[in-house]
Amino acid sequence: MSRKAITLIEILIAIAVFLVAIIPLWGLMGSSHQQVIRSADEIKISQIAIEVLEQIENNNTFSYLPEEGVEKEFNLQSGGVISLGEEPSIDINLGIFDDYLMPKLYLFTLDVKESFSDEVVIGRIVSLTIDYKSKEGRDLSYTLRGFVSANN
């Protein structure tokens, strides 16, 4: 008896083998997509932090920074401005970002003093922490630090 047709059992076995191979890959694709979204959010937040820190470092803002140990809080708005210092103040411009991020900036400074004198401040370490919500709704945080010279 010669066999020229594929039986139903052979088709079902082939489908089962195919599903055993595909199901783990399907799950991997879903988790990869979530990681891409998380990474995109972190890139957006890091760009905001870098933009703010560069403006602080490059615009003679030393005298406008909060004193050592004082934390300032800012709610950031897309395309908005944050003002450093009391009147007169200096404005830091923000770029455009997605509203769902709802970023909140915390600015904290530490004085850097000359090694031979505890009274001469040569600059400040500026710590920017941005709390934000990811597209998935998770609360996340990003921190960036830089140095601002007092001699500008």
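For this structure, a couple of remarks:
- Distance (nanometres) between label positions extended 7 Å along Cα→Cβ at S32 and T143: 3.3
- Distance (nanometres) between label positions extended 7 Å along Cα→Cβ at L19 and E68: 6.8
- With a simple spin-label model that places each label point 7 Å from the Cα along the Cα-to-Cβ direction, the separation between L8 and A150 comes to 8.8 nm.
- Subtracting the Cα-Cα distance of F116 and N60 from their residue separation scaled by 0.36 nm leaves 17.6 nm.
- The lysine pair count for the range 8-149, using Cα distances under 15 Å and pairs eight or more places apart or on different chains, is 5.
- Qualifying GluC sites (Glu not before Pro) in the range 35-93, DSSP loop, other Cβ atoms within 10 Å at most 11: E67, E71, E86
- When the chain is treated as a Gaussian network with alpha carbon springs shorter than 10 Å, the biggest mean-square fluctuation among K113, K72, K135 belongs to K113.
All of the numbers you see were taken from the coordinates with simple rules; none came from a lab. From a predicted model like this one, the values you see are computed outputs, not experimental measurements. Heads up, the Cβs are rebuilt from the backbone with ideal geometry, glycines too, and the neighbour counts pull from every protein chain shown.
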